[in-house]
1. Could you list all residues from segment 104-128 that are hydroxyl-bearing (Ser, Thr, Tyr) and at pLDDT 95 or above?
2. Would you mind finding the one in Gly59, Gly29 that is in a loop (DSSP other than H, G, I, E, B) and under 23 Å from Glu124 (Cβ atoms)?
3. Looking at Leu53, Leu68, which is the one that is of a type in the set (A, V, I, L, M), under 29 Å from Gly99 (Cβ atoms), assigned to a helix (DSSP H, G or I) and in contact with a strand residue (DSSP E or B) (Cβ under 8 Å, 6 or more places away or on another chain)?
4. Kindly evaluate Leu30 against the criterion of being out of contact with any Asp or Glu (no Cβ under 8 Å at 6 or more places or on another chain), surrounded by 12 or more Cβ atoms within 10 Å (Cβ to Cβ), at pLDDT 95 or above and among the hydrophobic types (A, V, I, L, M, F, W, C).
5. Could you tell me whether segment 101-110 includes any residue that is crowded, with 20+ Cβ neighbours inside 10 Å and among the hydrophobic types (A, V, I, L, M, F, W, C)?
6. Tell me, please, whether a residue that is out of contact with any Asp or Glu (no Cβ under 9 Å at 6 or more places or on another chain) and farther than 23 Å from Glu136 by Cα can be found in segment 87-94.
7. Pairs only if they're at least six apart or on different chains, beta carbon under 9 angstrom, first in segment 96-115 and closer than 23 Å to Asp16 by Cα, second surrounded by 11 or more Cβ atoms within 10 Å (Cβ to Cβ) and of a type in the set (S, T, N, Q); list them, first residue then second.
8. With the requirement that a residue be more than 19 Å from Val94 (Cβ to Cβ) and of a type in the set (Asp, Glu), what does segment 22-44 give you?
Amino acid sequence: MDWDVFISYASEDRDDVAVPLFGAMVAHGLRVWLDRQELRIGDSLRGKIDFGLARSRFGVVVLSVDSLEKRWPMLELGALLALEREDVKVILPVWHGIGLSDLARRSPLLADRIAGDTADGVAEVAAAIADVVLGESGACR
C-alpha cells in the first residue's frame, strides 16, 4: 500500500479538520493521502481518488452535516464500505460538529461505529488514529 490513510471530507471541513488532521497524522509518522497534496492540474479527479482509495489501508471519514449531504464524500464512503470485510476494519470515522442522534437519523450504519470527535481536538483524534493504524501494522511497515 502506498498510504496508511486516505482522508475523506467535505470541502467545508478542509481548513478546520482535514488539513490540520493531515499534519497531525504525518507528525505521527503516517503516510496520508489528502486531495490537495495529490491532485494536480489536468488530473482525473475520479481516477486519482480511485487510486488513492485502492492504495490506502484505512479511510478516515470526516462525518459532518456537510459531508453527509455532498456527492464526493458519499462516493468515497461507499468505496470504503465496499473494501471492508467482517474481519478487516477500513473506515475510521471522525465526527465534526455532529452528534450521535444527528448521525443516527442520517446514517444509522455509521452511528454504530466508535469515532473520534474533533470536539476533543484534532491532535487527540490524530493520536487515536495513529494508535489504530500503527497497532494494525506493528512498528514496521
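1. Matches in segment 104-128: Thr118 only.
2. Gly29
3. Going through Leu53, Leu68 in turn, the sole match is Leu53.
4. On the way: out of contact with any Asp or Glu (no Cβ under 8 Å at 6 or more places or on another chain): no; surrounded by 12 or more Cβ atoms within 10 Å (Cβ to Cβ): yes; at pLDDT 95 or above: yes; among the hydrophobic types (A, V, I, L, M, F, W, C): yes.
Against the criterion (out of contact with any Asp or Glu (no Cβ under 8 Å at 6 or more places or on another chain), surrounded by 12 or more Cβ atoms within 10 Å (Cβ to Cβ), at pLDDT 95 or above and among the hydrophobic types (A, V, I, L, M, F, W, C)), Leu30 does not qualify.
5. So in segment 101-110, the residues crowded, with 20+ Cβ neighbours inside 10 Å come out as 103.
From what is left, the residues that are among the hydrophobic types (A, V, I, L, M, F, W, C) are 103.
Yes, that holds for at least one residue.
6. The answer is no; no qualifying residue exists.
7. His96/Ser64; His96/Ser67; His96/Thr118; Gly97/Ser64; Gly97/Thr118; Ile98/Ser64; Ile98/Ser67
8. Within segment 22-44, Glu38, Asp43 meet the criteria.
The values are calculated or read from the model by the stated rules, or taken from the named source; none is laboratory data. Computed from a predicted model, the values in this text were never measured in an experiment. Virtual Cβ from ideal backbone geometry, glycine too; neighbours counted across all protein chains shown.
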